[in-house]
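Everything on this sheet refers to the single structure shown next.
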Amino acid sequence: MISKACKYGIRAAIFVASRKASNTKLSVKEIAREVQLPEAFTAKIMQTLNKHRIITSLKGPYGGFYIEQHQLDQPVLNIVNAIDGMSVFRECGLGLKNCSETRPCPMHFKYKEVREALLHAFQETTVGQLAKDLNAGGSFLSNLNVDEGDWIL
């Protein structure tokens with residue numbers, strides 16, 4: 001459904017937002033380490049998020065990426081739109097080009113429900129809400145330091 005780049009963009013935005021209270025500007029290196037990505041790929045994602053005003057950047061020796069208060073209220077959907085576009089919510093679940101309501105693939109109607117639920121969740125959830133949950137310990141961004149008992153198989 002959404003690309004890996006989009007997932008990483010969401011993770012990066014949440015991480016930057018989670019550092020809002022400290023008023024620090026984060027380097028690509030710091031963000032890449034936290035979201036577990038190569039720096040070059042992280043830089044590209046961060047440029048896209050900045051271009052779409054999802055996060056802010058400041059150049060120079062005291063620069064970096066940060067999020068402004070009004071940006072915390074953005075829905076996660078803005079990140080999906082910036083990186084993948086809205087077509088991800090119209091694509092066929094089996095990748096067929098001619099799938100439609102009148103000529104559905106075998107998964108069309110079931111996949112449509114999932115797509116619509118995901119769209120709704122991305123519309124209703126803000127970057128700030130996810131950062132708040134992260135800071136409260138209710139969620140995590142890293143695969144590091146996970147106890148084996150925490151994995152659900």
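Rule-based calculations on the coordinates, nothing more; no lab input. Please read all numbers here as calculations on a predicted model, not as lab measurements. Quick reminder, even Gly has a Cβ in these numbers, built from the backbone with ideal geometry, and neighbours come from all protein chains shown.
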What number, in percent, do you get for the relative contact order of the chain if the mean sequence gap of Cα pairs under 8 Å and at least 6 apart is divided by its residue count? 29 percent
Expressed as a whole number of Å, what is the distance separating the alpha-carbon centroids of region 20-38 and region 118-136? 19 Å
Using Cα atoms only, what is the angle between the long axis of helix 39-51 and the major principal axis of the chain, expressed in degrees (0 to 90) to the nearest 10? 80 degrees
Given the Cα-Cα distance of Ala5 and Asn98 and 0.36 nm per residue of separation, how much length would full extension add, in nm? 30.9 nm
Among Lys4/Lys25; Lys7/Lys110; Lys51/Lys97; Lys110/Lys132; Lys7/Lys29; Lys4/Lys110, the pairs whose Cα-Cα distance exceeds 28 Å are Lys51/Lys97; Lys110/Lys132
Given [x] 40, 18, 14; [y] 22, 17, 15; [z] 31, 19, 15 as possible values of semi-axes √(5λ) of the Cα gyration tensor in Å, the one from the coordinates is [z]
Using a Förster distance of 41 Å, the FRET efficiency for Lys29-Gln123 (Cβ separation, nearest 0.05): 0.80
What 222 nm value per residue comes from the helices of the chain, counting each DSSP H run with n ≥ 4 as -39,500 (n - 2.57) and dividing by all residues, nearest 500 deg cm²/dmol? -14000 deg cm²/dmol
Under a Cβ-only charge scheme (Lys and Arg +1, Asp and Glu -1), can you give me the dipole magnitude of the chain about the Cα centre, in debye to the nearest 20? 600 debye
What distance in nm separates the simple spin-label points at Met107 and Lys59, each placed 7 Å from Cα in the Cβ direction? 4.4 nm
Using alpha-carbon coordinates, inclination of helix 4-18 to the longest axis of the chain, degrees: 40 degrees
